[in-house]
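Have a look at the structure below before the remarks.
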Amino acid sequence: KYLYSIKGEHRTNYAEFMCYKLLYLTLTEHKLDLVPFLRCELTPKDRKSPEVRFALDVYQAVSGGNWVLFFRLYKRAPPLCKPIMDKMADGVRLHALIAAAKGYRMVKVPVSYLTRTLNFESDGACVQFMVECGAALNDDQTELLPKQCTNLHPPEREEEDDEDEVRKGGLRVHSSHS
C-alpha cells in the first residue's frame, strides 16, 4: 500500500505498479474490485501512460473475448507483464477454441492457422493443447474438426508447488486446493 500512496516526484513507477495491478485484477477476474480501481485510483493522466494503456488493452481483449488482440499484445508485452499474461493464455486459448468450434461448424480448421492465431510455439504444442481440451482432430492431426468438438474443457495440468513457482518467477494466483 505504501508504494501506491507515494505522491509527487517520488512516484516514478506508479504507472508500472498500476499496470501490474490491473493485469492481476484481470487475471483473477475480480470485477468488483476493478470498477472502483478504474473510477477512483486511475486519473485521466494515469490512463494515458503507456503501461496503464497496455493493461487496459489486455483487460478489454480478455473481457471481450478478443484472442487475436490478446496475443498481439502478448508479443509486445513488457517483460514483467508476460508471466502474468502467461497465466491467462490457456483460458484465452480455450475460449478461442470454443468459439472456433461454434463458428467453423461446417469446415475443418487447419492446425497451422490455430498455431499462429493462438501464439503457440509449434503445431505440436497446439495439437497437445487441443487434445488436452478434448478437441477432435483428423487422423493426421493437421485439422480441427469443429462439428465433433462437443465437450471442450480446460486442460488438466499438474500444478507446481509454491516453491518451484516462486523460483521460476511466476505468479501463483489460482489454487487447486479450493
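A dipole drawn for region 17-142 from +1 and -1 charges on Cβ atoms has a positive end, and of LEU69, GLN141, THR115 the residue lying farthest that way is LEU69. Across region 19-97, what fraction of all alpha-carbon pairs, as a whole percent, falls in each successive 5 Å bin from zero upward? It works out to 3, 16, 29, 26, 17, 7, 2, 0, in whole percents.
The stretch between ASP90 and ASN151, if pulled fully straight at 0.36 nm per residue, gains 20.3 nm over its current Cα-Cα span. Take every pair of alpha-carbon atoms less than 8 Å apart whose residues are at least six positions apart; their mean separation over the length of region 34-128 yields a relative contact order of 21 percent.
Among rounded, prolate and oblate, which fits region 113-157 when a ≥ b ≥ c are the square roots of the eigenvalues of its C-alpha gyration tensor, a/c under 1.5 means rounded, and a/b larger than b/c means prolate? In terms of gyration-tensor shape, oblate. Close lysine pairs were tallied over region 16-122: pairs 8 or more places apart or on different chains with Cα atoms under 23 Å apart number 13.
Sorted into 5 angstrom bins from 0, the C-alpha pair distances of region 67-157 split as 3, 15, 26, 26, 17, 9, 4, 1, 0 percent. An ellipsoid equivalent to region 1-148, defined through the eigenvalues of its Cα gyration tensor, has semi-axes of 37, 14, 11 Å when rounded to whole angstrom and sorted largest first.
Could you compute how fast region 64-113 diffuses translationally, taking Rh as the Kirkwood radius over C-alpha pairs and applying Stokes-Einstein at 25 °C with viscosity 0.890 mPa s? Give it in µm² per second. In µm²/s, the coefficient is 204.
The length gained by stretching the chain between ASP57 and MET106 to full extension, at 0.36 nm per residue less their Cα-Cα distance, is 14.4 nm.
Any read-out appearing in this document is the output of simple, stated calculations on the displayed coordinates, not a laboratory observation. All values derive from a computational prediction rather than experimental measurement. Note: ideal-geometry Cβ built from the backbone for every residue, glycine included; neighbour counts use all protein chains shown.
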